[in-house]
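The values are calculated or read from the model by the stated rules, or taken from the named source; none is laboratory data. All figures in this text were calculated on a predicted structure; none of them were measured in a lab. A quick note on method: Cβ atoms are made from the backbone with ideal geometry, for glycine too, and the neighbour counts reach across all protein chains shown. Keep in mind that these areas ignore ligands, DNA and RNA; they rest on the heavy atoms of the full protein, side chains included. Shrake-Rupley method; radii C 1.70, N 1.55, O 1.52, S 1.80 Å.
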Amino acid sequence: MVIVSNLVAAVALFPLLTLIPVATEKSKCEVCRDLTKNFKKYYDKTSGQNYGGGNTAWEEKSLGSYARSETRLVEILEKTAKDCDYKCGSLLEDQEDFLEEWFFKKQESHPELHTLLCIETLVRCCPDNTFGEECKECPGGVDTPCSGHGTCKGAGDREGTGECECHSGYNGTVCETCSEKYINNTDTNSCEACSSLCDGQCTGIGPKGCPACIKGYELHETDGCKDINECSREGMGCGDPLEDCINSPGSYECVCKKGYHRVEGKCQLE
């Protein structure tokens, strides 16, 4: 289709004027994914539209259905090209004939454009939760990669490594264990952070799971780590009769009584 070819070739040059350098170069799969994502975005946006001339019935009768028209395809290609970076635009030019054939002949039989173009035809990508040249399963399998507690690096990409990047609180090859200062909650089968009151690793959920407590707290048999009220403990608190002791979680504060103010660390009459 010469009209479409010339249009795409011209529009594909547009990103060159606004191309912004990126820190990491996109893989071939990512470029293909960008193309199909952009194409499908405008394919969906033009769905249900018409020629826009004001007489839809006459236009459809005279020009044919807009849904399968060259007019619609040109609009999709033009907008796709504007959303593409340089590599995506180059791939769009290379695959113009493929996209035209899909639009006119294959969109019903192969609705997943990404699968048809990027996975099956260009062999740049892999099915979900597989990776590498041979599209191997991600660690943990395709149903629950990385035990459901992480991300399979490069999943769906033939250039992907397949390593698990674990979510916070998890580690291991397949994110199967809890990180330090996390504990497995058997009720939810998930790793939960140890209580902030624990001094070191916990053995259970909440303050009761602390073998030792942070400063300002002490271990109780029933409650676990509990705040020490320094103000009511003998030998603790302020010790100055001109000061009021105000307890706070994990600490306390000494303030001068009413009518006094602090001078060089001591409370004196105002």
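Details
- Positions within segment 232-270 being in contact with a Gly (Cβ under 6 Å, 6 or more places away or on another chain) and closer than 18 Å to Ile214 by Cα, in sequence order: Gly250, Ser251
- Scanning segment 17-69 for residues being assigned to a loop (DSSP other than H, G, I, E, B), at pLDDT 95 or above and open to solvent by 90 Å² or more (accessible area, probe 1.4 Å) gives a total of 0.
- In segment 241-265, the residues that are of a type in the set (Lys, Arg) and touching a residue at least 12 places away in the same chain (Cβ under 8 Å): Lys257
- When segment 185-232 is filtered for residues that are polar (S, T, N, Q), within 30 Å of Asp244 (Cα to Cα) and not in a loop (DSSP other than H, G, I, E, B), only Ser232 remains.
- Search result, residues across segment 202-221 that are under 24 Å from Ser251 (Cβ atoms) and either in contact (Cβ under 8 Å) with a residue 24 or more places away in the chain or of a type in the set (S, T, N, Q) (or both): Gly209, Ile214, Lys215, Gly216, Tyr217
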